[in-house]
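The values are calculated or read from the model by the stated rules, or taken from the named source; none is laboratory data. On a predicted model such as this, the values are computed, not experimentally measured, just so you know. So basically every Cβ, Gly included, is an ideal-geometry build from the backbone, and we count neighbours across all protein chains shown.
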Ligand code: 6GU
């Protein structure tokens, strides 16, 4: 997969992308991540990329010309085509479904705005998707772009150490994930649950599944709607709920 990111602040991405799973996926040749500074396509001695808002109001907006020029140049850099995702707090809320959709693409282009965002013509004529990462305002689309790219890259087959890891992760099963423990078996008097030390894989799986159900019912009951639970699980869960969890 080829990922291109258009931003005024390519330096912000370097730390997060040079560590851990993203770095491993890049080093393994599973994905290439290409950062492009929109300012490189801005004209004039000062390469100005932003301007005042028509009609008045606070803040600055990113001018269309450098963004369109950057996009056209970046498209020419490789033959593949794919989604163009514009990060904006007014976008559709990012979630697992879109992560999987984007991870299936051969190419992904991400537009990260700053200031008050992009001129509306960028939204209308360059973006295929407008995406927000949640109901809070950030200073720019850079951190959201990193969030999106991280979520997408870990879905690429082979990006995680173990092939089971993606499948096992909470949102793939639609549930929040059970707590994990490591050694020692007792720490400051707090015990690791016996079942995890037992070596009975079937029992461990059952315990984890039930912990997942319980945690989800407590914290995110909305996620349980429409999930295929067995009758046994439904009964067990309603028992727990009757006992006030
Ligand atoms: Cl995508 N951009 C900005 N600036 N703020 C956000 C966001 C995006 N998603 C949540 N807050």
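Against the definition (exposed (fewer than 13 other Cβ atoms within 10 Å of the Cβ), free of Cβ contacts under 8 Å to residues at least 12 places away in the same chain and not in a helix (DSSP H, G or I)), how does residue 179 come out, yes or no? It is false that residue 179 is exposed (fewer than 13 other Cβ atoms within 10 Å of the Cβ), free of Cβ contacts under 8 Å to residues at least 12 places away in the same chain and not in a helix (DSSP H, G or I).
Checking each residue of region 49-60 against the condition of being under 24 Å from the mean Cα position of the chain (by Cα) and more than 17 Å from residue 112 (Cα to Cα) gives no match. Residues that are touching a helix residue (DSSP H, G or I) at 6+ places or on another chain (Cβ under 8 Å) and either without any contact (Cβ under 8 Å) to a residue 60 or more places away in the chain or surrounded by 12 or more Cβ atoms within 10 Å (Cβ to Cβ) (or both) number at least 3 in the following helices (runs of 4 or more DSSP H) confined to region 188-245: 201-219, 231-242.
Of the set (1) assigned by TED's automatic domain parsing to the domain that holds residue 89; (2) in contact with a helix residue (DSSP H, G or I) (Cβ under 8 Å, 6 or more places away or on another chain); (3) away from the ligand (no atom under 15 Å from the Cβ), all apply to residue 112 but (3). Scan region 95-109 for residues that are part of a helix (DSSP H, G or I) and within 15 Å of the ligand (Cβ to nearest atom) and the total you get is 3. Out of all the residues in region 128-156, which are surrounded by fewer than 22 Cβ atoms within 10 Å (Cβ to Cβ) and away from the ligand (no atom under 12 Å from the Cβ)? The answer is 128, 150, 151, 154, 155, 156.
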